[in-house]
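Structure record follows, encoded as structure tokens.
The values are calculated or read from the model by the stated rules, or taken from the named source; none is laboratory data. No experiment lies behind these values; they were computed from the predicted model shown. Cβ coordinates were reconstructed from backbone atoms using ideal geometry, including for glycine residues, and neighbour counts include every protein chain displayed.
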Amino acid sequence: MAGTILYPVLKASLAPVVVASAMAAVRFRHLSPPLRYLAVLVWFTLLIEILTRVRAVQQQSNLFVLPFDTLVEFGLLAWVYRQALWPSAVSRWVPAVVGVFSLVALLSYAEPAGLARFNTGQRFAESLLVLGLVLLYFYKVIRELTILHLEREPLFWISVGLLLYFSGNVFIFISSNYIIQYSKALSLKMWDIHAWLYMVLYGLYAWALWISPSNKK
């Protein structure tokens, strides 16, 4: 039963990625630098989605894609928040953090046996780092109070999506390899939840790419 519930959700999860990619293409010339990094991210995600779905149809493993996918996702999100948090000390440390994260991610390919399992450590580390950047952004917004219409601020909606996605998935990321050994049905239900959070995230990405930025004081 879990499999029959999961499959339609996974199939539908491509839709918000396609919508976000279309929004990015239509609005790219009008986007601020942080949002252009987001546009590149959604286009990259669409390519990864197509690749992994083709391989899934061919019944081939997609695990080898995950370290590179996580690396690119974190790198682009980190650059989005580097722009938003500039010139704080955190923003100046972002390149070093991305460099270390990238090195660790690429080392995954030095151990082919490790690619046969979901990389829980890398995804858990990404979750904590992105959540940290999101919370720093919210702190800056509350402290400065310079945004007149928060509902028209693209980065606010991006941050809401990332907060929901990574806080909701952090347990899934760290426990997935254990859960699948304990119960395949439970594992499928967990990834069902992940798919819903994924759709919410990319739906908010699409909205953020479409709306006009709010005015500031």
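Contact annotation: residue pairs with Cβ atoms under 8 Å, 6 or more positions apart or on different chains, pairing a residue in the stretch 134-145 that is free of Cβ contacts under 8 Å to residues at least 60 places away in the same chain with a partner that is loosely packed, with under 15 Cβ neighbours inside 10 Å and in a helix (DSSP H, G or I), are 141/150.
A single member of 126, 73 is closer than 22 Å to residue 196 by Cβ, among the charged types (D, E, K, R) and surrounded by fewer than 19 Cβ atoms within 10 Å (Cβ to Cβ), and it is 73. Cβ separations smaller than 6 Å between residues 6+ apart or across chains give the following pairs from the stretch 88-102 residues that are under 15 Å from residue 137 (Cα atoms) to residues that are at pLDDT 95 or above and among the small types (Gly, Ala, Ser): 94/78. Scanning the stretch 18-27 turns up no residue that is modelled with pLDDT of 90 or more, buried (at least 18 other Cβ atoms within 10 Å of the Cβ), out of contact with any helix residue (DSSP H, G or I) (no Cβ under 6 Å at 6 or more places or on another chain) and not aliphatic (A, V, I, L, M).
Residues that are in contact with a Leu (Cβ under 9 Å, 6 or more places away or on another chain) and not in a helix (DSSP H, G or I) are absent from the stretch 34-57 altogether. Mind checking whether some residue in the stretch 122-142 is modelled with pLDDT of 85 or more, under 26 Å from residue 23 (Cβ atoms) and among the aromatic types (Phe, Trp, Tyr)? Checked against the condition, which is being modelled with pLDDT of 85 or more, under 26 Å from residue 23 (Cβ atoms) and among the aromatic types (Phe, Trp, Tyr), the stretch 122-142 yields at least one hit. Quick one: is residue 79 touching a Phe, Trp or Tyr at 6+ places or on another chain (Cβ under 6 Å), under 21 Å from residue 155 (Cβ atoms) and either modelled with pLDDT under 85 or among the aromatic types (Phe, Trp, Tyr) (or both)? So residue 79 passes the test. Inspection of the stretch 47-66 identifies at least one residue that is under 24 Å from residue 132 (Cα atoms) and crowded, with 16+ Cβ neighbours inside 10 Å.
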